[in-house]
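Chemist: Below you will find the structure I want to go over with you.
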Amino acid sequence: MISKYERENASPGLDVVQKIIKALDFPLEFFTRYDKLNFSNEGTFFRSRLTATQAEFPELFNRETKSRSPRNAAIELRNLWELGDQPISNMIRLLESHGIIVSISNSNSSKVDANSGYIEVNDHRYYIILIDSNSRSFYRQQFSLAHELGHF
């Protein structure tokens, strides 16, 4: 029923609203005030495992870069961010320090390690990477984050 309320396919009665308020311990205004959040999704990228099929992803959102090859784009970004050519010890810290939002979530997929995309919230554009909580190792997570950075 909650799912129907969230999708606006049904509306709870006053007695149900009161039960929800009591169970969640939120004020009535939380549920009744105007939502000022403006969100639009401009596409999503995925880092998939080898067994994933193309039909499992939405169409990728593409942006043109100055460099024509992934290798040159990586070199260009490393120079811009002054990273040198050594391995990056903490991809999450690096990405977040450059304004990219990283979140760990459960994708409920055994075939997708990470996904990313641009979103707009209240007239601000953000690049967000969601890394799957079922990531097998720190190194796979690092690789997945680097892969998603490649889309950026």
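The values are calculated or read from the model by the stated rules, or taken from the named source; none is laboratory data. In this text the structure is predicted, and so the values were computed from the model without any measurement. Because the Cβ atoms are built from the backbone with ideal geometry, glycine has one as well, and the counts that use them run over all protein chains shown. Heavy atoms of the whole protein, side chains included, go into the accessibility calculation; ligands, DNA and RNA do not. Shrake-Rupley method; radii C 1.70, N 1.55, O 1.52, S 1.80 Å.
Chemist: What pairs can you find where one residue is in the range 79-91 and in contact (Cβ under 8 Å) with a residue 40 or more places away in the chain and surrounded by 11 or more Cβ atoms within 10 Å (Cβ to Cβ), the other is of a type outside the set (S, T, N, Q) and assigned to a helix (DSSP H, G or I), and their Cβ atoms are less than 7 Å apart, with a gap of 6+ or different chains?
Modeler: Short answer, once both residue conditions are applied: Ile88/Leu94; Met91/Leu145; Met91/Ala146.
Chemist: If you don't mind, there's one more thing I want to ask. Taking the range 108-152 as the search range and keeping residues that are aromatic (Phe, Trp, Tyr) and closer than 21 Å to Ile75 by Cβ, which one is least open to solvent (accessible area, probe 1.4 Å)?
Modeler: Tyr127
Chemist: Further question: Considering each residue of the range 1-40, count those that are in a helix (DSSP H, G or I), of a type in the set (Gly, Ala, Ser) and at pLDDT below 80, and give that number.
Modeler: 1
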